[in-house]
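Mind having a look at this structure? Questions to follow.
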Amino acid sequence: MPSSRPVLSFAVRVSLLLVLGACQPARTLPLRPGEDPTALRYRVTYVREPVHALDVELVLVGENAPRDFLFTQPGGVDRVRVFGPEGSGHELSVSPEGRVLVPRDTRLLRYRYPLEARVRGARPDFSSGMGEGDSWHVAGRAWLLRPRVVSPSLRAELVVEGVDALLPWEPDASGVYRLEGGDLVDSGFHAFGGRRCTVRLPDAVMEVAVLGHMSRMDDAGLCAWLHQAASEVLTVRRHFPYPRITVRVIPVPGRQAPAVFGMVLWSSPPSVSVLVGQEAGPEFFPRDWVAVHELLHLAHPTFVPHIAWLSEGLATYYTELARARSGRQTPEQAWAELVSGFSRGRAAVGTRTMEDVMTHGASFQGIYWTGALFALLVDVELRRATGNTRSLDEVLERLASSGPTATFDEFGAAVDAVAGRSLFHELLERHLSQPAFAGVEPLLQALGVEPGPDGVRLGAARDSQVREALEGARRGPVTAKFGARMSDRDPFVSRDGSPRHVQLPPLTQ
Ligand SMILES: [Zn+2]
């Protein structure tokens, strides 16, 4: 590498690829004239007896239909029944790895996925199924049998009967989901049953499934809470990143926290699910950070390969800024959250270098807050380099204009393009070899952020105008519409030590 353009060391690059797993989203090849692209037809029937379950019938269409299938997350189905041309059926075992290889003359296969965990001999789980009554949450990867290798031109049709479903995709007018191979691989989160509301933004809609009952909060309040969080994404991006997304809300008995866990899965479009405390009342929701954090993951591209510290860092950083920009928290609260997070990150990684944390990983506190600090460093340097006229927000806009995915190098190139000079690798060279949080104190001092025993004091400093621009509203305050008053006097709430959200990488197989 020429020394004039320092880059991530080869070791870092290779490690990122190995540790984070290389993967490419499926792409679609043009079809040949006259070719019937549909190779798979799924008919999913929700049944209530003897247990709540999904009965799946999968028709293999044509000679080129796949024969080698996989439950991406095995454990929910032990056996499938396959049927040949004469209609006679026999059972096949699902391998411990989730694989099912069907005979060449198979026309149809059937299986049942029990939504109730006890039937599967397991505990209720965010991914493999949790719910009550006629409201169930499950990830497609647990119940949807899909081809082990997906050809880019593969098409599938899927219908759900017996219940109102909320899948990541939008069905056509006749209720058929028309899917591509990549949809079967990255199939996202699914809701069966429950109640619905729709959150409308200026240029997007969010379809919400509420899967269970809340003791002290009605559905309108839950959807207003999500509306607030989605509106805060617009303090970072000019438009909501996707015209339509789906969100599932699952109440957890005995919990008072407004959101106890959240996750984004990279279906197309991404799908979001959040666990909320069943006992949480309206007064708790204005302090929640989980929903806006998850939705802010939509504001950055899917990094290919997955780069946890970068995606989590961006979302964690903007979680504080967006809530300050909307007026939901004061700038002092936002900086106190960042300072507190950096301190937890430092406690988690000690004196390890930034390069070491980024390459070899760390606990979630170490990963998230190293990434958040890096995001702050990039944002501040961009603003310094451009007389406080351009920012990290523009990097995200620029990347979004190139599509839903980006590589690490494309992220760096976008930073340089916004800066108008080579900035990204200069930053990496300056910080990678230092202890991950070594740069915090001088940076805060330059920004006029003075940590103290009771939070932070903000004052005049060399870059205090940069700080004010970071925390400033992009297009005016976002108005909260739910019952609880949003006030900058809301008490500062520290985060506890448990991870409350995870972002899963896209899956290749
Ligand atoms: Zn996250």
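Along each of the three principal axes of the Cα atoms of the stretch 266-389, give the extent in whole Å, ordering the values from largest to smallest.
For the stretch 266-389, the Cα extents along the three principal axes come out at 42, 34, 32 Å.
If you don't mind, there's one more thing I want to ask. Give the order of Met217, Met206 when sorted by the count of other beta carbons within 10 angstrom, beginning with the fewest. The partial results should precede the final answer.
Values: Met217 28, Met206 22.
Result, fewest neighbours first: Met206, Met217.
As an exercise, take the mean of 1/r over every pair of distinct alpha carbons in the chain, invert it, and state the Kirkwood radius in angstroms.
Taking the inverse mean of 1/r over all distinct Cα pairs, the chain comes out at 24.2 Å.
Take every DSSP beta bridge with both residues inside the stretch 195-299 and express the antiparallel ones as a percent of the total, to the nearest 5. Show your work: numbers first, answer last.
Working: 12 of 25 bridges.
Of those bridges, close to 50 percent are antiparallel.
With the crude spin-label approximation of a point 7 Å out along Cα→Cβ, what separation in nm comes out for Val176 versus Asp164?
My value for the distance between the label points is 2.4 nm.
Scan the chain and note any complete DSSP helix (H) whose C-alpha atoms cover at least 24 Å along its axis and whose Kyte-Doolittle average is 0.0 or more.
Result, helices passing both filters: 364-385.
Here is a further query. Which value, in Å³ per residue, describes the convex hull spanned by the Cα atoms of the stretch 302-478? Display every interim value, and only then the final one.
Numbers: hull volume 19.8 nm³, N = 177.
Output value, Cα hull per residue: 112 Å³.
Shifting gears a bit: How would you rank Met354, Met214, going from fewest to most other Cβ atoms within 10 Å of each one's own Cβ? Write down the numbers at each step before the final one.
Numbers: Met354 25, Met214 18.
The most exposed by this proxy come first: Met214, Met354.
Which ordering of Ser267, Ser401 is given by a fewest-first count of other beta-carbon atoms within 10 Å?
Numbers: Ser267 25, Ser401 8.
Lowest to highest Cβ neighbour count: Ser401, Ser267.
Report the dimensions of the stretch 195-299 along its three principal axes from the alpha-carbon atoms, largest first, rounded to Å.
Computed over the Cα atoms, the extents are 37, 24, 20 Å.
Do the sum for the chain: with -39,500 (n - 2.57) for every DSSP H run of n ≥ 4, divided by all residues, what is the mean residue ellipticity at 222 nm, to the nearest 500 deg cm²/dmol?
Details: 14 runs with 153 residues, N = 509.
Here the helix-only value at 222 nm equals -9000 deg cm²/dmol.
Any read-out appearing in this document is the output of simple, stated calculations on the displayed coordinates, not a laboratory observation. Given the structure is predicted, the values throughout are model-derived calculations rather than measurements. With ideal geometry, Cβ positions are generated from the backbone for all residues, glycine too; neighbour counts draw on all protein chains shown.
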